Structures are given as structure tokens and as C-alpha cells.
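Trainee: Here's a structure for you.
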There are 2 protein chains.
Amino acid sequence: MFFSKRDLQFHLYEVLDSESLSQYEYFQDHNRESFDMVLDAAESIAVKMLHPLLTEMDRKEPQLVDGKIRIHEGMKAIIKKMGDDGWVNAAFRYDEGGQQLPITVLNAAGFIFQAANYSSSIFSFMSGGSANLIRTFGSQELIDRFTPNMYSGKWQGTMALTEPNAGSSLSDISTIAEPTDEAGVYKIKGQKIFISAGDHDACENVVHLMLAKIKGGPIGAKGISLFVVPQKRPENGELIDNDVITAGIFHKMGYKGAPIAHLSIGSNDGTLGYLVGEPHKGLNYMFQLMNEARIGVGLNATAIGTAAYHSSLAYAKERPQGRKISEKDPTKPQITIINHADVKRMLLFQKAVVEGSLGLLLFCSKLSDLILVETGEAKERAELLLDLLTPVGKSYPSEMCCLSTSAAVQVLGGSGYTTDFPVEQYYREARIHPIHEGTTAIHGLDLLGRKLTIHNGKAAQIFFEEVSKTMNEAAQIPALQPFVEKLQKYLAKAQQATGYLLGLAGKGEIEKYLADATLYLEMFGIITIAWQWLGQAIVAERKLAEAHDTDQNFYQGKLATLRYFYEYELVKVDSLVKRLQSTDSVTIEMQADWF
Amino acid sequence: MFFSKRDLQFHLYEVLDSESLSQYEYFQDHNRESFDMVLDAAESIAVKMLHPLLTEMDRKEPQLVDGKIRIHEGMKAIIKKMGDDGWVNAAFRYDEGGQQLPITVLNAAGFIFQAANYSSSIFSFMSGGSANLIRTFGSQELIDRFTPNMYSGKWQGTMALTEPNAGSSLSDISTIAEPTDEAGVYKIKGQKIFISAGDHDACENVVHLMLAKIKGGPIGAKGISLFVVPQKRPENGELIDNDVITAGIFHKMGYKGAPIAHLSIGSNDGTLGYLVGEPHKGLNYMFQLMNEARIGVGLNATAIGTAAYHSSLAYAKERPQGRKISEKDPTKPQITIINHADVKRMLLFQKAVVEGSLGLLLFCSKLSDLILVETGEAKERAELLLDLLTPVGKSYPSEMCCLSTSAAVQVLGGSGYTTDFPVEQYYREARIHPIHEGTTAIHGLDLLGRKLTIHNGKAAQIFFEEVSKTMNEAAQIPALQPFVEKLQKYLAKAQQATGYLLGLAGKGEIEKYLADATLYLEMFGIITIAWQWLGQAIVAERKLAEAHDTDQNFYQGKLATLRYFYEYELVKVDSLVKRLQSTDSVTIEMQADWF
């Protein structure tokens, strides 16, 4: 199996107490039973429809034929099923046709889809995200005109941000919107690249949520507006060509089943776009919903890492090779490789990364749910905490699942490098995540340069309070005390490094302050996941005594992974803080000509 | 360009003083001029023949058609050129048709080939290695019968070790050799997998250097013998089918241009093999020449990492994106990304890894040359040092070039993930190296469990003497003193960790002693490369004052990379020694059922 249902349930019900969400009126129709039904339904689709196409969608890449992208023919049925069963808008309100499902549970289901076959999961994910932008910020007219067909899977939704000369530097986009006589309707002209599901033959129409600059508007990020730019305009029950041309398709190292398009917009002056919300607020709108997409990317990475972990685990349990290190007798039978300490280390590493990440991302998902239903201080706390954790939840899994899928390959040895096993595909698919939805460097700057300091550091304060709460709880359990002490020590080191860097900021040494933001993010991620593991361990310790058989093994595994994380991963903070507090600015002083 | 000739010359002539080899009678015909001619010739072939096929060999994979592997048609001319120009046996003696070229220079040339197109470079590399086994341990008859056509490129040589049930655990091979009436001739039967260049249509015959067990021989590793097992037997001027069937081809994540075969030997009872040397000494023979192959793999990894580094460097110098972190004015033009500290960090990381690794591997190559021409203690020192450094020279570049090619991908952002640029291919190709020629775990065990302790730790002592020598030299240069102090401190930490682990060995706690051998190897690798960078910095510091223009930039780059390495990489030893000296044996105690 490509994921552990037991582990997913552990996070949802034993750690996060997701059922408690039904106390809120908005979620009152839900309970553990309905949540389990959602997960079962997701598993059924994942096993029967998505996973069987995993390899084939990688081998038979989408192609651009006569201006149209052809994707794997199996995707038609999947996209239809996702629409029919309400997966695109499951979290939206009843009055929008949704099911008011908690994001926590929807993300748990999405995790199952992504672990089964990442490429196949992105179509409805993209439609959901872009429809969410329209329903949140768009006029009722736009909502009525576009979202129903996006929910049903008939039309594909996308997020069209990146341009050839504007990737990380979004403020430099040059797609132009010119007002027409009709209010809210603009002529659009420009180029967009790397547009996921930007065109394909399994839908009738594509609805791009596109950033563009209104002619004459403010310069830079403040002049960016958000538009609905359909491939075909729905007018009087017909679909009119809207001059959005698929100029190219990008072939990629991995997640090949998902088409990534280069779009040419308005090259024949025939593209109309519909303004979403107010002019010049596009980036604001985008960022308000970016958390969702970024947590989504972290989850994608975690899901791929999870599939790779389980694949290598199954192999390690079956593959005989070598003998115990102390066994010199060659006539003894070989043992399965899961008995070698180094193989267990590689499996523990994967388990620590993917189950730690999953815990964090479901925690973040629950914050999204609380933001929706809470008010006052509780809502504000959840918002600030989610803001702070978003770059971590996006980047730690993205970076670490490149390494954990690599460990999966290594467990299989030579076989892992061949296409006979899926781990090499997971390794290739994992590599996109540190890049899209903001590179790791961008998230480092976001965390250290913005999230830590906004609201006078209140978000960071809330985070440290949350960590303290977990530590206090863990300190009640004697077996966990050594881990509390360790985390306390490392937290203090991290805080010291933070103080040092903020001191640089205070002195106006902005370049020095932010030069190693990527390393700061790495350090922060390790601390965060160490906190997550402590939380998981509290539950495991409490339940271990009464647990039987497989459950006992399950909790023992959790506690061993806690040990692994604190022994092998948390100690990396030592090296990171040493660098972060160094005065040698070599990366600033290095000159281009010296390379 | 996919490598830096200036850097290669720096290592060969400024750091290693390779010309000094011509003082030895064996190398007396060589000098810097002839070395440069060799490098120029290699560069010419690499640029004109190998590099142009880089992408195409990746896209058009070898296929097994009617029992024969078809490779890219361009390989025929390359293999012929390599044979015609004497690259296969360039390092062998004049009386063997060789050129008595130092391994140092041959490896520098090989590095150019590998950086140009790794897949295309392995054919002559494999032939050279296997011919070396025959010429070193085989009878004159075997030498005469097989090697001339291997040298000319007419016949392909291979190393056939791995079997479906014997990978890391070579002692478990089950290929059987049964004596025939003719002395030295055996009937061979078995299966071999993952045989590089094990069959292809660009050669007339394939000569496998194959490990097998003679029926009735000792059990385990001590019963393994080495055979020449040709695909076709040369008999009386004809080639007779030898019942070596290509049962399959492995499709792989990377270095797709090189065919990896599954061979079925003697399935119709028709395979004859010729014993090389004495019975039951096969593994000894193989290991005596394994150093060569392992240094070769380290070099392959370094070459791929080098090509990726230069590819990302060129991109970073041209790609405009964003502005200085302190520049808030969006009307200012974008700057090229090489001006961002985080991009420089990723480039410095790559430079530190690949140029540090290249230095180490050419140092090891020079040790091979010295072993050939030196006698007495000097020879013994070189042998012991090379023995010790071989697992490091194999594994550090292999592991780290997975990360450095990943950094190259990251520098390019979304473009790096597409097939429009070669970095994604380099990322896939780099991933094989921690696996083949012994996984990283195997080399960890080799270093910590064997190389450190043999000859009463003499090899380690010699290594520390060499490091001290470099530190003493560097200590004469004021600018390098801080680095000497740092290295001294970390060396002491590493020695303390070593003492702790050997203490466990002394107490008979073998499993604990070796459980983290992979981490020990990682730590040892970092120390070793820090030492290499100090050596490079000594030269740079001495030459900087009189250097002009590009040379000044070159030396500045070396010194900045020294700083980078000590700031960002050497500090990782802190975390590693903390783990290595911990008493928590979680990877030993973890149970299979707990996963």
C-alpha cells in the first residue's frame, strides 16, 4: 500500500482530535463516521482509478498536437469522478453546492490521492484552488458563470502567475489588461509559462485565474490585478474562442502525467478577461489564498515521500541480503535487509520525515478550519500561527522528501535505480516541490524577513507558546522528559540565532540579516518537526500500555521514530546555528567573476 | 563549457605537481607538454563527439531487440575512436601496447569525457578495467587471446559480479564453474544482473570478467574465482557462440545511454570460462583492482556534478530576476540572479563539492602512480593511504553530487525541472553513484570496520600525518591561520569520535560500533575535503599577489570557496560527532514490526 491508513487516523483522531470540529455549527453535520466515509471513498478512488495509472502516466507523457495538449486518456474518467463525487468543492458552503467538509479531512483525502498518483491528483486540486479565488473575491456573476462547471470537472481551473521574465519576482509580470467599454471586462495580452493543467483534452474549457497589470496602474506589485481569463468565453450558452493559445508544453523530469503549458494570451487581440474583486488587489487576493496552495504543495511532497517510504519498506521486509554484522558464517541463510541497522536508519529517516510532515500539515489544515469557524482572539491566533507555519509547511516536506525519496532508492540498491520499481519515479516527482509555489529561498525570506517580525513578532510568540504547551504536557510523562530537555535546549539555541539575526536587521544590515534565510528556514523546520514528533509521542506513550498487537507495534514505532528524530535530525541544529551566527559573509562578498 | 580546464590544470600542475612524475624512469618520456596534449585530445573528442550526443542518448534508450541490445548508433564511432587513439590501455606498459601514461593524467582526461557525456564514457572505461584484470592476473595466453581486441575497441570488456541474490553480499553468488578436461577451462552456469555494457551492437564480442564458484570449493567469499567468459569464444580465428544470453535489459532513471544487461550464462550448457590466476582467489583479484574502479566512480560523480555546476553557473550569469534585497524600487531593472546571496550560496556549494572532490580524486590517482613506481616505505605509505581514502573518494563525491546537482536544478528554478536544460539529466545520472561499486553503507563499513584498523591503524596515522603536513604549511600563511585552527579543532573532534567507536569495537560491541558507519564515512569525507581545500588555498594564497586578471579572479574564487566550505560544510561535523558518540542505539533496537 502507498500510505498507512492507521497513521492517517492516528493524526486525525488521536493527535488532532478532528472530531471536535463538529462542535462548531458550521461543521455540525460531520462526525468521525462521516470523516471515515470520506477517507474510505478517497482510498477506493485512489486504489481503483489513480494508482493503476501511476507508471503509465509517467511513460506516456502529454503531448501538444495541433495546438491542443493531449493527456492520458484515463484522466477523463478520473476528472469526471472527482467532479461527480464533489471533491473539487467539498470544503465549500452548502449554499455553494459544497459539503462544508473540514479542510483537515479534505486534505487527508487529498493526501491519499497524491500518494496514489501525484500527476493525476493535480487537476481537481487546481480547479478547487482557482474556484476558491472566484467564490471568495469574485462577483456573484462571475461565480455563477464559471464555478459550477469547475466544480463538476467539466471545466479545468488554473492559477496563471509565472511569466518568462517573472518567476520568483512576480512584481515584474508584464501581462497587460486594457479596460473595455464594459465594466469589469478587460482586453488581456501577454505570456504565461509553467501553467499546470493549463490546457488539455479532458475538459471542455479552461478557466485561468490570471495576474495582469491594468494599463496605467501603479508600478510593481501594487499594480497587479486578478482576472478570470477563460480559454473559451461562455456567452449565451455558447463557448466563444478567447484567443488563449497553447504555445508550448514543457517536458519535465517528473510528474510527467500533468501537462504544464506555455500560454500566449491575446496574440490576435482577441482575449477578454474579467476582473476579480477590485483593481490592483490581485496579489493580495492571491496571497490570501496562497496558504492553501502552499500547504497543498507540502502535502504533495509528503504524499510522494510516503509512497516511496512504503515502497522501500515493503522491499526491505522481503529482500534477503547479507547477514548480521557479527555473523561470519557464510553457510547461514541471508537475512532480510530490514534487519540491517543502516537500512533501518534509512527507513526511520523516511518515517520521521513523512509522518512528521503529515502531522504538521494536518495541524495547519486544522488551523484553516478554525480560522473559518472561530472568532476574536482564537481566530487571530490561528491566523498568525498558520501564517508563520506556512513557509515551514511548504518547504520542510518539499526539501526533505527529495532526500527521503533518495533514501527509498538507496534501500532498494541497484533495483531502486531501475524503472522496475516506482521509487525512481517518486524521486523524480519529489524534486519539483522545492521549486513551485515559491522556491525554498523565497520561503526563507518570507519566514525570516516577514512572518517572524509582523505584528511585533506575535506569530513567533504564539508558536513558541504552542511548543511550550506540548513540552509541558510531555514533561508529565517520565519517558519523554529527556526529549523535552533536548527540545528546550535546541529551542533556546534557535531563539538565540533568531535574536542575532533580528539584531542585524535592527542595525539595518538587511543583506546580512537575510543572506542565510534558507538555512534559517531549515533550522526552523527541524525544530517544528521535533515539536510535532513530541506531540505524537505523547499520544503513543499514553496509549502504549493498553494497546495490543499491531497497535502496540504502531506506538512503539512512533516512539522509536521520536528517538531517531532527536538523535539524527534535531542535532543538525547545532551546525546550522553555528553558521547562522557567524560573521563571515562569504556569500555576500563572493563576486560573480570569481566563479 | 561543461568543465573548467583552468581548474583541471590547477589541480594537476599547481597543487599536485604532476610533472614531477617524469622524474621516475617509468614516466620519463612524459612532461607537462605531453600531458597537455593528452588533455587537449580528450577535450577535442569530448566536445566534438561525446557532448553532442548527451541529450539524445538519454532520450533514445538502448533496447533489447531479438536478443541483442541496440545502443545509440553514434556510439560506434566513439568506441572506435577511443580504441584507435589508445585510450583503453593508455596507462599500460609500452610492451603491452600502452603509453605508460600516469593514471593522474588519464583520470583527468577521463573526467573530461565523463563531464561531457557520462553514458558514452563508460564503454572504454569498462574495457580498460576488465583488460587490466586479465593483464595483471591472467596467463600470457589469456592476455594474447583477449586483450588486443579489448584495447582496440573491437571487443567490449565488462565486470560481471552482481547476481539476483548477491549484490552487496557478493559472497553469496551462485554462478557455478565446473572443471572440464582442459586445464583452466570451466563450464559456467548462472545469472548475472546489472552488467554495464554487458551486451551491445557496437562491438563484435563481449568479454566478461566474471566471478563464479568452482564446484566443491570453499564456502563463501573464499570460494570465489575469476573467469574470462566471452560472449563468443575466439577459436582458430573464428568466433564461436558461447551460450551467454542477454536475458534482459534494465531501464533506468539516468545514464540511459549505457546498456545494463541481465545475462543468462550456460542455460544450454554451452558456456566455457577461462580461469584467471589461481582458483578461489577471484575476490582478492577483484579487490586489488577495485580501488581503480571506485576512484573511477567518484570521478564519474564529480564529472557529472561539474557539468551541472557549470551549466547552472552560466544560467545564473545570464538570467535576470528580482533586485537586491535592500532595493525596493520596482522601476529599477532586474539584476542577474548570480547577484543574490542565496544563489551564490548554491553555486559555492557546488563549486566546493566538485572542485574539492576533483582535488581528492586526482590526489588518489597520483597515489596509484606512486605505488607503481615507488618502492619500500614510500610505496607502502601510498598503498595504505590510497586504501584508506578509497571509500571516501568513492562515496563523498557520489553522495554529495546528488545534492550538488540538486542545487544546480534549484538555481534554474522551474526551468531546471524541464528537459529544456541538461541539469535535470545530470540530477538523474548522479543518483546511480551512491549505489554501484558498493553502496555508501558498504564503504562506511569498509572505512570504519576495516581500513581504520588494519596494520594497527597505520593507514589512519599516515592520513593524519598528511593532514598535519598541509596544516603546518598553511599555518605559515597568516590569512590561512583561522582555517588551520578550525580544521585542527574539527580533526580533534573526529578523532575523539573515532576513539569512542573503536572503544566499542574493543569491548566487542560490534553492532553498535558499526551501526552508524555511514555517518562516520560522511564525517570523514567532510574532514578530508576540508583538508583538500586547505591545500588548494595554500597555492591560491601564494599565487594571488602576482596573479593578473582572470587568474586573480580564479584564486579569489578558490579562497572564497575555502571560506564557504569551512563556514557551511565543516560545521556539519558538530552534528555528526554528537550522534556518533551517542549511546542511543535506536537503529539497532528498532524492530521490523514497528515500522
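Trainee: ³J(HN,Hα) across region B:266-279 via Karplus (A = 6.51, B = -1.76, C = 1.60, θ = phi - 60°), whole Hz, x for Gly/Pro?
Mentor: x, 5, 10, 6, x, 9, 10, x, 10, 4, 9, x, 8, x
Trainee: Using the membrane-span-like helix rule (whole DSSP H runs, Cα extent along the own axis of at least 15 Å, mean Kyte-Doolittle hydropathy at least 0.5), which helices of chain A qualify?
Mentor: Helix filter hits for chain A: A:103-116, A:341-373, A:517-544.
Trainee: Moving on. Quick one: work out the % antiparallel among DSSP beta bridges in the protein assembly as shown, nearest 5.
Mentor: 80
Trainee: Where the only charges are on Cβ atoms (+1 Lys, Arg; -1 Asp, Glu), what is the dipole of region A:442-595 about its Cα centre, to the nearest 20 debye?
Mentor: Roughly 320 debye for region A:442-595.
Trainee: Picking from B:LEU491, B:GLY216, B:GLY190, whose Cα lies most toward the positive end of the charge dipole for chain B (charges on Cβ: Lys, Arg +1; Asp, Glu -1)?
Mentor: With unit charges placed on the Cβ atoms, the residue in question is B:LEU491.
Trainee: With labels modelled as points extended 7 Å from the Cα through the Cβ direction, what inter-label distance (nm, one decimal) is found for A:ALA545 paired with B:GLU589?
Mentor: Distance between the two pseudo-spin positions: 1.9 nm.
Trainee: Continuing with the same structure: How large is Rg/Rh for region A:155-280, to two decimals, with Cα atoms and a Kirkwood Rh?
Mentor: 0.96
Trainee: Can you list the lysines whose alpha carbon is less than 23 Å from that of A:LYS80, not counting same-chain residues fewer than 8 positions off?
Mentor: Filter leaves A:LYS48, A:LYS60, A:LYS68, A:LYS154, A:LYS232, A:LYS256.
Trainee: Considering only the label points, 7 Å along Cα→Cβ from Cα, what distances in nm to one decimal separate B:LYS222 from the same position in each other copy, shortest first?
Mentor: 8.3
Trainee: Right, something else. As I understand it, the dipole of region B:289-438 uses +1 on the Cβ of Lys and Arg and -1 on the Cβ of Asp and Glu, about the Cα centre. Which of B:ALA408, B:VAL354, B:ASN300 lies farthest toward its positive end?
Mentor: B:ALA408
Trainee: Continuing with the same structure: Report, for chain A, the % of DSSP beta bridges that are antiparallel, rounded to 5. Don't jump to the answer; show the numbers that get you there.
Mentor: Numbers: 35 of 43 bridges.
Approximately 80 percent, going by the DSSP bridge assignments.
Trainee: Residues of region B:172-214 with the amide nitrogen closer than 15 Å to a label point 7 Å from the Cα of B:LYS76, along Cα-to-Cβ, please.
Mentor: Residues passing the 15 Å test: B:200-205.
Trainee: Between region A:161-182 and region B:443-507, what's the alpha-carbon centroid distance in Å?
Mentor: What the calculation gives is 57 Å, centre to centre.
Trainee: Given points 7 Å out from each Cα along the Cα-Cβ axis, report the A:ASP144 to A:GLN476 separation in nanometres with one decimal.
Mentor: Taking the simple label geometry, A:ASP144 and A:GLN476 are separated by 5.5 nm.
Trainee: Please report, in debye to the nearest 20, how large the charge dipole of region B:289-438 is about its Cα centre when each Lys and Arg carries +1 at its beta carbon and each Asp and Glu carries -1 there.
Mentor: 800
Trainee: Also, quick follow-up: Once you have all Cα-Cα distances for region B:458-512, histogram them in 5 Å bins from zero and send the whole-percent values.
Mentor: Histogramming region B:458-512 at 5 Å steps yields 4, 18, 19, 20, 14, 10, 7, 5, 2, 0 percent.
Trainee: So what's the Cα pair-distance distribution over region B:5-152, bin width 5 Å, in %?
Mentor: Result, from short to long distances: 2, 9, 17, 19, 18, 16, 11, 5, 2, 1, 0 percent.
Trainee: For chain A, what is the convex hull volume of the alpha-carbon atoms per residue, in Å³?
Mentor: Value for chain A: 181 Å³ per residue.
Trainee: A follow-up question, please. For a Förster distance of 30 Å, can you work out the FRET efficiency between the beta-carbons of B:GLN23 and B:MET1, rounded to the nearest 0.05?
Mentor: 0.40
Trainee: Expressed as a whole percent, how much of the Cα-Cα distance distribution for region A:497-589 exceeds 21 Å? Before the final figure, lay out the partial values.
Mentor: Numbers: 2046 of 4278 pairs.
Looking at region A:497-589, the distances longer than 21 Å represent 48 percent of pairs.
Trainee: Just to confirm my numbers, what's the Cα centroid distance between region A:332-391 and region B:550-595 in Å?
Mentor: The distance from the Cα centre of region A:332-391 to that of region B:550-595 comes to 25 Å.
Trainee: Among the trypsin sites (Lys or Arg not before Pro) within region A:480-561, which fall in a DSSP loop and have no more than 13 other Cβ atoms within 10 Å of their own Cβ?
Mentor: Passing both the DSSP loop test and the Cβ count: A:LYS507.
Trainee: Given the options A:THR528, A:SER365, A:MET37, identify the residue whose Cα lies farthest towards the positive end of the charge dipole of chain A (+1 on Cβ of Lys, Arg; -1 on Cβ of Asp, Glu).
Mentor: Of A:THR528, A:SER365, A:MET37, it is A:THR528.
Trainee: In region A:155-280, what % of DSSP beta bridges are antiparallel (nearest 5)?
Mentor: Looking only at bridges with both residues in region A:155-280, the antiparallel portion is about 80 percent.
Trainee: Which of the trypsin sites (Lys or Arg not before Pro) found in region A:1-82 are in a DSSP loop and have at most 16 neighbouring Cβ atoms, other than their own, within 10 Å?
Mentor: A:LYS60
Trainee: Select from region B:244-264 all residues whose loss of accessible area on going from the chain by itself to the full protein assembly reaches 40 Å² or more (probe 1.4 Å).
Mentor: Buried by the other chains: B:HIS251, B:MET253.
Trainee: Run the 1.4 Å probe and let me know the accessible area of B:GLU141, rounded to the nearest 10 Å².
Mentor: The accessible area of B:GLU141 comes to roughly 130 Å².
Trainee: Let me ask you something else. For the pair B:THR180/B:ILE219, report the inter-label distance in nm, with labels modelled 7 Å from Cα in the Cβ direction.
Mentor: The answer from the label model is 3.1 nm.
Trainee: Solvent-accessible area of A:SER169, probe 1.4 Å, all protein chains present, reported in Å² to the nearest ten, please.
Mentor: Surface accessible to solvent at A:SER169 totals approximately 10 Å².
Trainee: Starting from one equal scatterer on each C-alpha and no solvent at all, send me the Debye-based log10 I(q)/I(0) for the protein assembly as shown at q = 0.05, 0.06, 0.07 Å⁻¹, two decimals.
Mentor: For the requested q values the scattering log ratios are -0.34, -0.50, -0.68.
Trainee: Let me have the relative contact order for chain B, percent, based on Cα pairs under 8 Å that are six or more residues apart. Intermediate results must be reported in sequence, preceding the final value.
Mentor: Details: 1025 pairs, mean separation 73.3, N = 595.
Once normalised by length, the contact order is 12 percent.
Trainee: Do any trypsin sites (Lys or Arg not before Pro) in region B:318-387 lie in a DSSP loop with no more than 10 other beta carbon atoms within 10 Å, and if so, which?
Mentor: Of the trypsin sites (Lys or Arg not before Pro), the ones in loops of region B:318-387 whose Cβ has at most 10 other Cβ atoms within 10 Å are B:LYS328.
Trainee: Let me ask something else. Considering only protein heavy atoms, what is the solvent-accessible area of A:TYR490 at a probe of 1.4 Å, reported in Å² to the nearest 10?
Mentor: The accessible area comes out at roughly 0 Å².
Trainee: Assigning unit charges at the beta carbon (Lys, Arg +1; Asp, Glu -1) and nothing else, what dipole magnitude in debye, to the nearest 20, does chain A show about its Cα centre?
Mentor: 1400
The values are calculated or read from the model by the stated rules, or taken from the named source; none is laboratory data. Treat the numbers as computed from the prediction; the structure is a model and nothing was measured. Every residue, glycine as well, gets a Cβ built from its backbone with ideal geometry; the counts of neighbours run over all protein chains shown. For accessibility, only protein heavy atoms count, side chains too; no ligands or nucleic acids. Shrake-Rupley method; radii C 1.70, N 1.55, O 1.52, S 1.80 Å.
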